[in-house]
Amino acid sequence: MKKLVTTSVLAFATLAAAACTGGGEVATHKEPNADLIQDMMESPALKPQDFDTFDRMKGSSRLPPEGTVAQGHTPYPYHLKPEEAERALKNPYSGKMTAEVIELGRTKFETYCAVCHGYEGKGDGPVSVKMAVKPPSLVSEKVVGYNDGRIFHIITDGQGVMSSYAYQMIDPNDRWAVVNYVRSLQKLSPGSK
Ligand code: HEC
């Protein structure tokens with residue numbers, strides 16, 4: 001290794017000397033320099049969002065240490081605890097079936113829920129025909145019987161094969177508005193109250 005470095009330095013010195021004997025003209029470079037010693041030119045460090053070519057599972061973006069909480073973020077305290085959520089969560093829009101809340105809920109419901117649960121919440125959305133586990137009706141006796149907190153919890157934490165929609169609706173109020181919209185669908189649906 002030492003010998004290699006010495007050789008490289010020697011080669012560099014020879015080349016530098018040759019460049020100096022060019023008759024005093026200012027050298028203008030049109031081509032990139034030859035990289036004689038590449039050690040610090042090609043950094044082995046990974047670029048942001050890059051991955052290790054030896055191990056594609058090793059990305060340059062590392063996971064934060066376990067238990068780390070992002071600034072300004074409050075972790076959802078009822079993850080996988082539907083009964084606790086049911087007892088603790090209170091709907092800020094409880095009984096507030098104003099045009100504003102229902103319109104907000106309708107927009108979100110039709111964007112995120114209707115594809116599976118259907119526009120009227122009957123479990124017959126356009127993609128439901130392709131699904132092995134059918135999305136249940138949201139105007140069923142069972143869901144009518146859930147309290148607002150339980151429905152909010154399912155939207156926030158998911159249930160069984162249904163994933164969480166908290167990342168699509170970051171503002172919890174949007175999720176509560178969806179709960180109220182589901183209630184309005186239930187009222188409209190014959191057979192449920
Ligand atoms: C990709 C399809 C899909 C989307 C989109 C979806 N769901 Fe679901 N949902 C399901 C499936 C499937 C289940 C049954 C999950 C289980 O229990 O395994 C379910 C279950 C539910 C339940 C519980 C019903 C019961 O009988 O226990 C509620 C409430 C619910 N979803 C509400 C929503 C709301 C509100 C949205 C929109 C934010 C939504 N879902 C979006 C597929 C979906």
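Here the residues Leu36, Leu104, ranked from fewest to most Cβ neighbours within 10 Å of their Cβ, fall in the order Leu36, Leu104. Counting other Cβ atoms within 10 Å as a rough exposure proxy, the listed residues His79, His73, His117, His153 run His73, His79, His117, His153 from fewest neighbours to most. Placing +1 on each Lys and Arg Cβ and -1 on each Asp and Glu Cβ, with no other charges, gives the chain a dipole about its Cα centre of roughly 720 debye. For the pair Val129 and Thr98, label points projected 7 Å from Cα toward Cβ lie 4.1 nm apart.
Placing +1 on the Cβ of every Lys and Arg and -1 on the Cβ of every Asp and Glu, with no other charges, gives region 82-188 a dipole of roughly 200 debye about its Cα centre. Each of Arg183, Arg106, Arg56 has some number of other Cβ atoms within 10 Å of its Cβ, and from fewest to most they run Arg56, Arg106, Arg183. Rounded to the nearest Hz, the phi-derived 3J(HN,Hα) couplings of region 86-96 under the Karplus curve 6.51 cos²θ - 1.76 cosθ + 1.60 (θ = phi - 60°) are 4, 6, 8, 7, 10, 6, x, 9, 3, x, 8, where x marks glycine and proline. Between Thr111 and Lys58, the FRET efficiency estimated from the beta carbon spacing at R0 = 35 angstrom works out to 0.45.
Remark: the Thr74-Ala166 segment gains 31.9 nm on full extension, using 0.36 nm per residue and subtracting the alpha carbon distance. May I ask for the net charge around Leu89, where only other residues with Cβ less than 13 Å from the Cβ of Leu89 are counted and Lys, Arg are +1 while Asp, Glu are -1? Here the charged neighbours net out to 0.
Go through Lys108/Lys187; Lys90/Lys187; Lys134/Lys187; Lys81/Lys108; Lys96/Lys122; Lys58/Lys81 and tell me which ones have a Cα-Cα distance over 27 Å in this structure.
Numbers: Lys108/Lys187 19 Å; Lys90/Lys187 21 Å; Lys134/Lys187 23 Å; Lys81/Lys108 24 Å; Lys96/Lys122 23 Å; Lys58/Lys81 33 Å.
Cα-Cα > 27 Å for Lys58/Lys81; rest within.
Among the helices of the chain, those built from whole DSSP H runs whose Cα atoms reach 15 Å or more along their own axis and whose mean Kyte-Doolittle hydropathy is at least -0.5 are 2-20, 99-112.
Answer rounded, prolate or oblate for region 85-193, using the Cα gyration tensor with square roots of eigenvalues a ≥ b ≥ c: rounded when a/c is under 1.5, else prolate when a/b is larger than b/c, else oblate. Rounded, because the longest to shortest axis ratio a/c is under 1.5. If R0 is taken as 30 Å, the Cβ-Cβ distance between His29 and Asp50 corresponds to a FRET efficiency of 0.50.
Read-outs throughout are calculated quantities, based only on the coordinates presented, and are distinct from any laboratory measurement. Since we're looking at a predicted model, the values are computed, not measured. Methodologically, a virtual Cβ is constructed for each residue, glycine included, from the backbone with ideal geometry; neighbour enumeration extends over all protein chains shown.
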